[in-house]
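Scroll down for the structure; my scribbles are underneath it.
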Amino acid sequence: MKSATRSAGSPFSTSDQARMILPTGGLAKRSFDITAAALALILFSPIFLMIAALVKFSDNGPILYGHRRIGHNGRSFKCLKFRTMAVNGDEVLRNHLKANPQAAEEWRATRKLKTDPRVTVVGTVLRKLSLDELPQLFNILRGEMSVVGPRPVVDEELNLYDSFAAYYLSTRPGLTGLWQISGRNDVSYETRIAFDTQYVQNWSLIGDVAIIVKTIPAVCMARGSY
């Protein structure tokens, strides 16, 4: 894997900065995204209905959850997911982190918890199979996300990217990507940043197709998924 070696100043040359006006991949990538997302929505529509019913009837809460994330050029958007957490999830998390210093440290380092008290029984299954992320197909159609790219981050996470944030901001976040097929939460955050940087530096449409193909066994094995 090509490493994301830090250089002094901006990681972009003048020509790189000029290309930041449009997301990585331009029209070719956008056309592929629209076609793939539309076909996937048609194909998975029965699964959508089944999951929606399970989420709704499990605790009578909302079916979808939208969380503010940072996209191309720093624009924020609501990243959609099937709700996998308790309705009072924020309160549950705060109380859990206050009572468990080790969990608080894990949260600070990765923004994830292997044992998350907020996750519902239905949500545990959806997360394991990555089915909770299917509504992001609508984010793709709206132009907020891409089929392949870095996972969308929140403001606090973007600070961890330091000078490499420019690479993340130069593309649309993805439903899948190098991180998802390389261990997901089992890899360090520094490695995740390196994957995102490598993706932008070496983007190709063929590379996107290869990542999509590799996503299928990665999801079935559920490695690093929690």
Residues of segment 121-134 being open to solvent by 30 Å² or more (accessible area, probe 1.4 Å) and not in a helix (DSSP H, G or I), in sequence order, are L129
Residues satisfying the stated conditions in segment 203-222, i.e. part of a loop (DSSP other than H, G, I, E, B) and either among the basic types (K, R) or within 17 Å of R151 (Cα to Cα) (or both): W203, A222
Residue in segment 97-104 that is among the charged types (D, E, K, R), in contact (Cβ under 8 Å) with a residue 60 or more places away in the chain, touching a helix residue (DSSP H, G or I) at 6+ places or on another chain (Cβ under 9 Å) and outside any loop (DSSP other than H, G, I, E, B) present: no
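One line per residue, one yes/no per condition, for (1) open to solvent by 30 Å² or more (accessible area, probe 1.4 Å); (2) out of contact with any strand residue (DSSP E or B) (no Cβ under 9 Å at 6 or more places or on another chain); (3) in a helix (DSSP H, G or I):
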| position | (1), (2), (3) |
| --- | --- |
| I34 | yes, yes, yes |
| A53 | yes, yes, yes |
| S58 | yes, yes, yes |
| Y65 | yes, no, no |
| V87 | yes, yes, no |
| R94 | yes, yes, yes |
Looking at V219, V187, V153, can you tell me which residue is out of contact with any strand residue (DSSP E or B) (no Cβ under 9 Å at 6 or more places or on another chain) and aliphatic (A, V, I, L, M)? V187
Mind listing just one residue for me: the one in segment 105-120 that is part of a loop (DSSP other than H, G, I, E, B), open to solvent by 30 Å² or more (accessible area, probe 1.4 Å) and under 16 Å from N95 (Cβ atoms) and, of those, modelled with the highest pLDDT? P117
Somewhere in segment 182-191, is a residue modelled with pLDDT of 90 or more, basic (K, R) and closer than 28 Å to L49 by Cα? no
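The values are calculated or read from the model by the stated rules, or taken from the named source; none is laboratory data. Note that this is a predicted model, so its numbers are computed, not measured. For neighbour counting, all protein chains shown are included, and Cβ atoms are generated from backbone atoms with ideal geometry for every residue, glycine included. Quick note on the areas: whole protein, heavy atoms, side chains included, nothing else; ligands and nucleic acids left out. Shrake-Rupley method; radii C 1.70, N 1.55, O 1.52, S 1.80 Å.
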